Amino acid sequence: MTRPCPGPRPVTSRPNWRPPPGGTDCHCHIFGPYDRYPLSPGRGYTPPEASIAQYLELLATLGLSRTVIVQPSVYGTENAVTLDAVEAIGPERARAVVVVEEDIDAEALREMHRRGARGVRVNAVSGNGVPTAQIARLAERIAPLGWHLQLYAHAAELLALEPLLARLPVPVVIDHMGGVKAAEGGAHSPAFRALLRLLEGGAWAKLCGYRASSGQPYADVLPMARAMIAAAPGRCVWGTDWPHPSLRTPEEVPDDGHLLDLLAQWAPEEAQRRAILVDNPARLYGF
């Protein structure tokens, strides 16, 4: 039996600052409705439903207008829920990152592109996806479309994969601060130094740091976030990770208004925030 996890917070606070027009949440998930989009039997956890309507309410509260919906592990390679959500929100506001096998048909990839997909995700943390052994072949398959490869891995695996990632023929986007934990060396760890080398060499990163922290209010992530922004100011994007799946207790679920306030601490200058929330996502996802 898969373990349950809490759903999204019922109330989200408004951030203490106003994001610029065109601000983008570059990492969220949609779950359900389950009578239409049943969960994969191979999943590692069972989340409550998290609807498009709930998510759009969150965006309005945060003052953001665009989004990137990332295929979650609980759906495996069945991307209907993610692509349908992009279609429902609209191509001017939404893009998708999908999960596919290396032998996917080229026409299927083109159809996903038409529907808003701009990257593929390899999730080496949550399971129920594609193995890291497929990274090189996946990169070859998506290169003609101009897509990127998004990687969620534990810190040790990121360190081991660094040589491969550095030579891929597509942009690489590193999820969740490279899987580096603040309590396990943080900005001084070998894996974080590998992440910085990748960023300096042209990789992108998602500033989605609560999973890297020892806990709320997530202050221990600040050195890592600032180092990442300094290494690649034009290739950092930000995401909520709403509805924050696979956590254990409701108390662990972050307040997304607070997460956006953290970004203001990580990037205190207005130009930095505009790059992270507007300009960089527009280039990466084609808004």
Quiz item: Hey, how many Å between the Cα centroid of the stretch 249-287 and the Cα centroid of the stretch 67-129?
Solution: 22
Quiz prompt | Cut-off under 5 Å, modelled amide H: who pairs with TRP238 long-range | solution = CYS26, LEU207
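Which of the chymotrypsin sites (Phe, Trp or Tyr not before Pro) found in the stretch 15-57 are in a DSSP loop and have at most 13 neighbouring Cβ atoms, other than their own, within 10 Å? Walk me through the numbers on the way to the answer.
Details: sites: TRP17, PHE31, TYR34, TYR45, TYR55; in loops: TRP17, TYR34.
Answer in residue order: TRP17, TYR34.
If I take R0 = 35 Å and measure r between the Cβ atoms of GLU87 and GLU200 in this structure, what FRET efficiency does the formula 1/(1 + (r/R0)^6) give, to the nearest 0.05? Can you show the working numbers first?
Numbers: r = 37 Å, r/R0 = 1.06.
In this case the efficiency is close to 0.40.
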Quiz item: Is any residue of the stretch 51-82 close enough, with backbone N under 19 Å, to a label point placed 7 angstrom from the Cα of ARG137 along the Cα-Cβ axis, and if so, which?
Solution: 76-78
Quiz item: How many nm separate the modelled label positions at ALA230 and SER51, each set 7 Å beyond the Cα in the direction of the Cβ?
Solution: 4.6
Exercise. Pull up all non-local amide H partners of THR46: gap of 5 or more, or a different chain, and H-to-H distance under 5 Å with H placed in the peptide plane.
Key: ARG3, CYS5
Self-check item: Nonlocal amide H pairs with GLY119, under 5 Å, H built at 1.01 Å
Solution: VAL98, HIS148
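Compute the Kirkwood hydrodynamic radius of the chain, taking the inverse of the mean of 1/r over all pairs of distinct Cα atoms, and give it in Å to one decimal. Let's see the in-between values first.
Values: mean 1/r = 0.0535 Å⁻¹.
Every distinct Cα pair counted, the radius reaches 18.7 Å.
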Self-check item: Positive minus negative residues near GLN216 (Lys, Arg vs Asp, Glu; Cβ under 10 Å)
Solution: -3
Quiz prompt | Rounded to the nearest 20 debye, dipole of the chain from Cβ charges on Lys, Arg, Asp, Glu | solution = 460
Self-check item: Fraction of beta bridges assigned by DSSP in the chain that are antiparallel (%, nearest 5)
Solution: 5
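Each value in this text was obtained by applying a stated rule to the coordinates, not by laboratory testing. Worth saying up front: this structure is predicted, and the values here are computed from it rather than measured. Using ideal geometry, Cβ is built from the backbone for each residue, glycine included, and neighbour counts are taken over all protein chains shown.
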